[in-house]
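Taking it in order: structure first as structure tokens, then the write-up.
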Ligand SMILES: NC(=O)c1ccc[n+]([C@@H]2O[C@H](COP(=O)([O-])OP(=O)(O)OC[C@H]3O[C@@H](n4cnc5c(N)ncnc54)[C@H](OP(=O)(O)O)[C@@H]3O)[C@@H](O)[C@H]2O)c1
């Protein structure tokens with residue numbers, strides 16, 4: 001589909017890692033035009049002069065010329081605002097933008113679990129956008145949350161499994177890339193030649209966000225899913241790409257080959273609508289026992305980095321269990337790409 005017009009997009013926190021990937025992916029976008037970039041410390045400076053560019057390739061020329069502004073709704077001309085702010089700043093600023101009439105898509109954790117804020121993986125729970133009705137009484141605009149990167153990469157392969165077999169329990173151990181902590185992130189002397197066995201707050205986020213995303217929306221409310229989730233989240237010395245080792249207990253017996261086929265054939269609303277950032281297949285399922293690997297598979301997908309790669313699909317300890325590994329690019333499918341896909345979904349479904 002093509003929208004009726006070009007939409008103006010602003011990025012809050014544009015100098016951070018997620019902000020930079022948003023700037024990169026917005027360049028040449030067929031529906032969106034980048035009109036504003038915000039910064040806390042460098043407002044007033046040209047983006048091109050004040051950013052340590054880490055998103056690969058060269059910085060898009062049109063972004064380099066933009067003057068950074070403060071995150072103030074009065075200083076921004078946009079239809080859609082994508083927030084890549086740290087949580088505390090997001091908590092304060094995102095409702096101000098929503099109140100002033102902007103459609104806000106948040107990459108921050110601040111409002112993900114709020115009852116009237118939809119938490120969306122576009123292929124998994126687009127129907128949860130019905131929660132936006134409850135926002136109309138207080139805001140002229142709207143606020144939609146995009147999940148934690150680890151949760152998005154987990155929810156995508158779990159969706160076809162949940163639909164076919166039902167889920168009783170998920171046990172996941174993650175090996176998360178350094179860039180997931182933003183820049184400068186974990187000090188190099190803590191991370192090189194090492195694994196950090198704990199990421200503050202991450203395991204609770206994975207559990208709560210997954211249960212909200214996999215829940216059912218009715219009458220403008222989401223009833224959270226009720227299965228058990230046990231997560232162990234670790235940080236490893238990989239630049240980009242979170243790897244997740246997943247064990248699932250199901251309600252019904254699982255046929256491993258059929259489960260792999262269901263994942264391979266899985267498609268969602270973004271594919272149906274042919275959204276510009278939707279990969280043809282949200283999941284790429286590989287056969288080899290040595291995949292997925294971050295270096296080889298993080299840019300998987302017809303839109304690079306937007307597909308999650310699944311491998312080593314095998315039976316667990318009983319016929320009602322399944323094991324696999326999933327890998328996704330934390331800054332693309334886990335952050336900038338998923339926020340853009342969500343923005344496209346909001347436009348395509350008439351919310352913006
Ligand atoms: N990294 C990932 O893989 C990932 C994935 C999913 C979600 N997230 C979430 O996305 C958000 C951004 O993450 P990140 O990794 O990009 O962090 P980051 O590299 O630390 O960047 C955060 C940026 O926010 C800016 N900032 C701080 N306060 C601000 C304010 N009041 N107004 C405007 N800008 C402000 C800073 O910009 P200035 O220096 O210009 O002031 C900084 O560059 C966080 O909430 C994070 O939890 C990150």
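I'd like to check which strands (runs of 3 or more DSSP E) are fully inside the range 181-268 and have at least 1 residues that are free of Cβ contacts under 8 Å to residues at least 40 places away in the same chain. Give the steps one after another, and end with the answer.
Values: elements: 216-218, 221-223, 228-235, 242-250.
Per the criteria, 216-218, 221-223.
On the basis of being touching a strand residue (DSSP E or B) at 6+ places or on another chain (Cβ under 9 Å), within 16 Å of the ligand (Cβ to nearest atom) and not assigned by TED's automatic domain parsing to the domain that holds residue 21, does residue 294 make the cut?
When the stated conditions are applied, residue 294 passes them.
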Take the residues in the range 175-216 that are in contact with a strand residue (DSSP E or B) (Cβ under 8 Å, 6 or more places away or on another chain) and within 22 Å of residue 129 (Cβ to Cβ), then tell me which one is surrounded by the fewest Cβ atoms within 10 Å (Cβ to Cβ).
-> 216
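Can you name the residue in the range 305-352 that is over 19 Å from residue 105 (Cβ atoms) and within 16 Å of the ligand (Cβ to nearest atom) and is also surrounded by the most Cβ atoms within 10 Å (Cβ to Cβ) among such residues? Quick ask: steps written out before the conclusion?
Pass one, the range 305-352, residues over 19 Å from residue 105 (Cβ atoms): 307-327.
Imposing the further condition that a residue be within 16 Å of the ligand (Cβ to nearest atom) reduces the set to 308, 326-327.
On the way: 308: 32, 326: 26, 327: 28.
Across the range 305-352, the extreme among qualifying residues is 308.
I'd like the residue in the range 15-42 that is near the ligand (Cβ under 7 Å from one of its atoms) and in contact (Cβ under 8 Å) with a residue 60 or more places away in the chain and, out of all such residues, is farthest from residue 91 (Cα to Cα). Steps first, answer last, please.
At the first step, the residues of the range 15-42 found to be near the ligand (Cβ under 7 Å from one of its atoms) are 15-19, 38-42.
Filter once more, so that each one left must be in contact (Cβ under 8 Å) with a residue 60 or more places away in the chain: 16-19.
Values: 16: 17, 17: 19, 18: 17, 19: 17 Å.
The selected residue is 17.
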Hey, residue 140 more than 16 Å from the ligand (Cβ to nearest atom), more than 22 Å from residue 9 (Cβ to Cβ) and more than 11 Å from the chain's Cα centre (by Cα) or not = no
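Here is a yes/no grid of residues against (1) touching a strand residue (DSSP E or B) at 6+ places or on another chain (Cβ under 9 Å); (2) over 17 Å from residue 277 (Cα atoms):
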position	(1), (2)
12	yes, yes
27	yes, no
38	yes, yes
46	yes, yes
59	no, yes
63	yes, yes
67	yes, yes
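Restricting to the range 135-180, name every residue that is part of a helix (DSSP H, G or I) and at pLDDT below 95.
Kept after step one, since they are part of a helix (DSSP H, G or I), are these residues of the range 135-180: 135, 149-165, 178-180.
Residue satisfying the conditions is 135 alone.
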Can you name the condition, by its number, that residue 164 falls short on among (1) within 28 Å of residue 55 (Cα to Cα); (2) more than 17 Å from the chain's Cα centre (by Cα); (3) more than 16 Å from the ligand (Cβ to nearest atom)?
-> (1)
In the range 61-88, how many are closer than 25 Å to residue 179 by Cα, more than 13 Å from the ligand (Cβ to nearest atom) and surrounded by 20 or more Cβ atoms within 10 Å (Cβ to Cβ)?
-> 1
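The values are calculated or read from the model by the stated rules, or taken from the named source; none is laboratory data. The structure presented is a predicted model; accordingly, all values stated were derived computationally and were not measured. Every residue, glycine as well, gets a Cβ built from its backbone with ideal geometry; the counts of neighbours run over all protein chains shown.
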